[in-house]
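The values are calculated or read from the model by the stated rules, or taken from the named source; none is laboratory data. Remember, predicted model here, so these are calculated numbers, not experimental data. Cβ atoms come from the backbone with ideal geometry, glycine included; neighbour counts cover every protein chain shown.
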2 protein chains.
Amino acid sequence: MERLLAAELGQRPRADAQRNVRRLVDAARKAVAEVGVDVTAHEIARRAGVGIGTFYRRLPSREALLGAVLADTLDEIVALADRALRNPDPWRGFRDFAEDYVGLRATSCGINDALGGQCPLEIDSSLTALRDRFRQLVERAQEAGAIRSDLVWQDVPFLLSSVIPADRTIGLRAGPEQWRRNLRIVLDGLDREPARSRD
Amino acid sequence: MERLLAAELGQRPRADAQRNVRRLVDAARKAVAEVGVDVTAHEIARRAGVGIGTFYRRLPSREALLGAVLADTLDEIVALADRALRNPDPWRGFRDFAEDYVGLRATSCGINDALGGQCPLEIDSSLTALRDRFRQLVERAQEAGAIRSDLVWQDVPFLLSSVIPADRTIGLRAGPEQWRRNLRIVLDGLDREPARSRD
DNA sequence: TGAAAACGGACTTGACTGGTCCGTTTTACC
DNA sequence: GGTAAAACGGACCAGTCAAGTCCGTTTTCA
């Protein structure tokens, strides 16, 4: 969050001012997760329990706040991928990351929007890093024979983002665990060489 | 479309009026597919090559038009499912329907919105019918041993709607055939009994 | 050929959102 | 306690966008 507060250089601000920035940032995190990247500044202020005036006195703009919040979270995801790459077992590393990744996307609309390109914010460098890690994770697992060889690494991010269910389909409501059920099937599909063709 | 035109009971309308309703309905079909259920009335009128005034003289409301268009298309999907159920091979029936279903959703934003519950229009009866067909298709294939038994039929609509890729993930653009690549993996995952657990 | 029907699109209305401004309240230092 | 600077809240402003209306003009057809 230092991305945002760097501007405050003089003597330290009054207690209420500090408290309110913290509240706003926390509220923004939650709101982005629950509502998505389209949360309004008014909504964030409301959730933070402060007036809209305070929002704009403490923060440069709605966009700056959301950008900072998202960039933060994306960097955490990249860190997860790095950890997965350090796992000596390529399949387990991949699978664990896949679970974290899908879990995060499934529980945060905002992350999902950001990774889906639905936000005009400056997160390109994080995305580039993430693409790079995906490629490494998939190719490493393929070389180890743990992921079928008839797909390209780019298929995998699409498959994983696919696993996140819309909260409704044909009128059915997705439970909070539907993504796990989906993921199991997809991992089983990735798992081995192409099925005996049985058309 | 008769849902819409039923109101016109008196002597038959002037030629230009008839032509314009047809144009509007056709334009609405295409626009719903390309843009989604949020197409504006103005956009539909523009595509139809008529003024907005004509739109509202011929049609009760934007909502009525979109509702009729969507209900029509959903009924076609139900018909596809019925055909699949008449296929003597439960797996082939299921698989062919899955391809049609996903293909339709992938190429029409509007269908996708509607099946995803993203539209406040009266299509409940079509959805009920569709749910019913899904259950039959899945359970029939499970009884025949063609779909693994450790999932419930409701998982399948979620899995299939999952297969439709967002047009972008982590900055990658989905090609028009990405859904086929995804579907292949998912069908392979559905295909057999749970993988030898290899954690 | 002329009256009824239909047309186009400017305009109205209403919702919504990012951001500003100013009268009031809080803080912190004496 | 007193007071001045800092901070606060929220009414308000400006811009946008979409649904739907209205009326002067054009088209149809008996």
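When A:VAL138 is tested against (1) aliphatic (A, V, I, L, M); (2) crowded, with 21+ Cβ neighbours inside 10 Å; (3) farther than 17 Å from A:PHE158 by Cβ, only condition (3) is not met.
Out of B:ALA81, B:ALA68, one residue alone is away from DNA strand D (no atom under 12 Å from the Cβ), at pLDDT below 95, of a type in the set (Gly, Ala, Ser) and in contact with a Lys or Arg (Cβ under 7 Å, 6 or more places away or on another chain). It is B:ALA68.
Please specify each residue of segment B:105-135 satisfying the condition of being surrounded by fewer than 19 Cβ atoms within 10 Å (Cβ to Cβ) and either in contact with a Phe, Trp or Tyr (Cβ under 6 Å, 6 or more places away or on another chain) or farther than 14 Å from A:LEU172 by Cα (or both). Listed by number, the residues that qualify are B:THR107, B:PRO120, B:LEU121, B:GLU122, B:ARG135. Of all residues in segment B:141-157, those satisfying the criterion of being buried (at least 17 other Cβ atoms within 10 Å of the Cβ) and among the polar types (S, T, N, Q) are B:GLN142, B:GLN154.
Is segment A:51-66 home to any residue that is away from DNA strand C (no atom under 11 Å from the Cβ), within 26 Å of A:ASP124 (Cα to Cα) and small (Gly, Ala, Ser)? Checking segment A:51-66: not a single residue is away from DNA strand C (no atom under 11 Å from the Cβ), within 26 Å of A:ASP124 (Cα to Cα) and small (Gly, Ala, Ser).
Filtered by the rule that a residue be over 29 Å from B:ASP167 (Cα atoms) and surrounded by 21 or more Cβ atoms within 10 Å (Cβ to Cβ), segment B:32-57 gives a lone residue, B:PHE55. Determine whether B:SER161 is touching an Asp or Glu at 6+ places or on another chain (Cβ under 7 Å) and in contact (Cβ under 8 Å) with a residue 24 or more places away in the chain. In short, no. Can you say whether A:ILE111 is more than 9 Å from every other protein chain (Cβ to nearest Cβ) and touching a Lys or Arg at 6+ places or on another chain (Cβ under 8 Å), as far as the supplied structure shows? Taking the combined requirement at face value, the residue satisfies it.
For the structure I just gave you, tell me whether B:GLN154 is modelled with pLDDT of 95 or more, out of contact with any strand residue (DSSP E or B) (no Cβ under 7 Å at 6 or more places or on another chain) and in the same structural domain as B:ASN112 (by TED's automatic domain parsing). Spelling it out, it is not the case that B:GLN154 is modelled with pLDDT of 95 or more, out of contact with any strand residue (DSSP E or B) (no Cβ under 7 Å at 6 or more places or on another chain) and in the same structural domain as B:ASN112 (by TED's automatic domain parsing). Checked against the criterion of being within 11 Å of DNA strand C (Cβ to nearest atom) and in contact (Cβ under 8 Å) with a residue 24 or more places away in the chain, the candidates A:VAL25, A:VAL39 yield just one match: A:VAL39.
Return the residue satisfying two criteria in turn: it lies in segment B:18-31 and is under 24 Å from B:GLY103 (Cβ atoms) and within 12 Å of DNA strand D (Cβ to nearest atom), and of such residues it is surrounded by the fewest Cβ atoms within 10 Å (Cβ to Cβ). Applying the filter and picking the extreme gives B:ALA31. Quick one: is A:ALA15 aliphatic (A, V, I, L, M), surrounded by fewer than 17 Cβ atoms within 10 Å (Cβ to Cβ), more than 14 Å from chain B (Cβ to nearest Cβ) and within 16 Å of DNA strand D (Cβ to nearest atom)? Criteria met by A:ALA15. Each residue in segment A:126-180 was checked for being farther than 21 Å from B:VAL102 by Cβ and within 17 Å of the chain's Cα centre (by Cα), and 11 of them qualify.
When A:ARG58 is tested against (1) in contact with a Phe, Trp or Tyr (Cβ under 6 Å, 6 or more places away or on another chain); (2) within 12 Å of DNA strand D (Cβ to nearest atom), only condition (1) is not met. Of A:GLN136, A:GLN154, all but one fail to be more than 10 Å from every other protein chain (Cβ to nearest Cβ) and over 30 Å from B:SER126 (Cβ atoms); the exception is A:GLN136.
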